[in-house]
1. Restricting the first residue to the range 436-463 and requiring it to be closer than 23 Å to residue 488 by Cα, which pairs with a second residue that is at pLDDT below 85 and in a helix (DSSP H, G or I) meet a Cβ separation below 7 Å and a spacing of at least six or different chains?
2. Among the candidates 655, 632, which residue alone is in a loop (DSSP other than H, G, I, E, B), at pLDDT 70 or above and over 27 Å from residue 716 (Cα atoms)?
3. Out of the range 335-368, which residues are on the phi > 0 side of the Ramachandran plot and over 54 Å from the mean Cα position of the chain (by Cα)?
4. Go over the candidates 225, 232 one by one and state the one that is surrounded by fewer than 15 Cβ atoms within 10 Å (Cβ to Cβ) and part of a helix (DSSP H, G or I).
5. When you scan the range 445-452, do you find a residue that is outside the structural domain of residue 191 (by TED's automatic domain parsing) and buried (at least 21 other Cβ atoms within 10 Å of the Cβ), even just one?
6. Quick one: how many residues across the range 27-43 are touching a strand residue (DSSP E or B) at 6+ places or on another chain (Cβ under 9 Å), crowded, with 20+ Cβ neighbours inside 10 Å and not in a loop (DSSP other than H, G, I, E, B)?
7. Determine, yes or no, whether residue 680 is assigned to a loop (DSSP other than H, G, I, E, B), touching a strand residue (DSSP E or B) at 6+ places or on another chain (Cβ under 9 Å) and not assigned by TED's automatic domain parsing to the domain that holds residue 45.
8. Run down 502, 492, 484 and say which single residue is within 22 Å of residue 650 (Cβ to Cβ), over 12 Å from the mean Cα position of the chain (by Cα) and assigned to a loop (DSSP other than H, G, I, E, B).
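The values are calculated or read from the model by the stated rules, or taken from the named source; none is laboratory data. Note that the coordinates shown come from a computational prediction; the quantities given were computed from them, not determined experimentally. Note that each Cβ is placed from the backbone with ideal geometry, even for glycine, and that neighbours are counted across all protein chains shown.
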């Protein structure tokens, strides 16, 4: 299809707070090569670890680097749109294609159409009018009925000649096998060459031995067996002759070199019917200075090996002898020198198992050329076989390419993942944890990279190690939580992960990247932190006091002297009154400090109340201000982080090259994490607090709040509960006259009763 040389008009949409290209037609796919790379959401993605057929991605990875780059996506788009009549068919994402959908006006399309027909014929579907991914993927079935399939491998079924079939089987048995496209074991040209070279080498080596057979085979066909018999007892023979030499050298020490009484005693209590190692450690025969090994009196542990040596070698060398000397023994060993040299020059071991007769027969038949000719015939079908592979590649791309584009050029699948039937290719499944589920779970390929990058996302990420009995290897996932609270989440928490195939995995939290989940959670965060801090301080203080008290008690118990008489008991010292009073004073001081703190807080509240007007609603305004002061900063920080949540760093840590931000705002995040919802309970909880107690608590709370409001607004002044009192004028006058009376001697003038101090009236 010819493409317009003028600038193509793209459709742009706002997705995830970013402007992106919207791929909605086959024409858009045909013009992907014209799209500015700066406008692509993704520049590369990994082949492995995605919820997309890995075989499809491997077919697109032309340089085999494990990544799908923009240029490879463009090349695939150009190829697909060139061989299809209607490019909009790519949007269907189907795994079946009508044969008449190929663009036969294109050379490549014509070739693929013919190969598709050939595939169906090989499968016995001569009447089929469409082809599927299942048809093209079954290469064994496609090539099962063909003698040649273009892979350069021939099988016994590649020929009707039984002799050639036998040679192929010999090659498979000796040199090795190569698996044909049909799934049958076969051989290639290299293995054929190696086989005939080994035949020639082995035949030549055997011929060299036969040419000097008198020297090479001193004992004829028994030469190899005779050598094995010598090697089996050689060390023991050499040990015997050395013991004889030492006996001749030091006759006074001869007993220690022969069988000793201690050795016999060591085995005397054993079952001597079973030859054991202790007997085998004894000399081969009784040691004498003559250095002659008698045929009689051989160590029972070595009798069998010596009998084989005597039969195969000693009796042939000296038929009438009843002993053998060291010189005769060494002469017998020397006769194997030529044989050992010939064995060391061995060649063609690969075909030795066939035997020299079969080897010579195969060389005489000389069917190497016939086998290589079969390989050539197979190679002639390479182009047709490659076309069949191309059809398989096309069908995989026809099914999966548009899915890749929706996760590559744009992220429409991700932002539509709130729909049950749509998920992004990097969404690996669903994690159930702490009464919620999250659909934003990503397989982790390199935990080290996640440690550096994931914290930049601004997301609350839970890393879980997952294992399943149905899978041989464990996996690690990064689960992003976007709703709910996190009070119960910590390392070691267990959960269950379901992959996209529905397989369940046992998951355990191994790491948490802490970030705000919601503004609601941020509102309560300061109070929860304060409550946790107070709880920790109380627990720590209580633990310290308990430890100190226990240690003090144990110390006193260790120092107590128990009296044994009445006098001793009377002499026991009385409790330390000073120490007791000190403890009481200490605790009194603690309570006094608490009282002072409460008084200070009360004074501060009174001062604050004096600073406001008498309007009743001001108390609520102050409470609102206090709440904003405490929770406001946390909520503001959470709001800013939630607006900036970005999935791109997480994907970058997983091998992606993200070219744009992938925002996850609060509204979209709520669709990724699903909180538990229970219906209204029908049955009554037997342990539930009675309703009247709940109502009593509420009424008491309302009364306390109402009293506080009325008191601080001075509405209870008429009832003697005034929060603020105005000073009367008479009191002001008395205070002004007070300095004049201060000069009178207080000690000499008794205080007058209140009645006498008053001014008489006329």
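1. Taking only residues 6 or more apart or on different chains, the pairs are 458/641; 461/454.
2. 655
3. Once the filter is applied, which keeps residues that are on the phi > 0 side of the Ramachandran plot and over 54 Å from the mean Cα position of the chain (by Cα), the range 335-368 yields only 366.
4. On the way: 232 fails: surrounded by fewer than 15 Cβ atoms within 10 Å (Cβ to Cβ).
Exactly one of 225, 232 is surrounded by fewer than 15 Cβ atoms within 10 Å (Cβ to Cβ) and part of a helix (DSSP H, G or I), namely 225.
5. Checked against the condition, which is being outside the structural domain of residue 191 (by TED's automatic domain parsing) and buried (at least 21 other Cβ atoms within 10 Å of the Cβ), the range 445-452 yields at least one hit.
6. 2
7. On the way: assigned to a loop (DSSP other than H, G, I, E, B): yes; touching a strand residue (DSSP E or B) at 6+ places or on another chain (Cβ under 9 Å): no; not assigned by TED's automatic domain parsing to the domain that holds residue 45: yes.
So residue 680 does not fit the description; no.
8. On the way: 502 fails: within 22 Å of residue 650 (Cβ to Cβ); 492 fails: within 22 Å of residue 650 (Cβ to Cβ).
After ruling out the rest, the residue left standing is 484.
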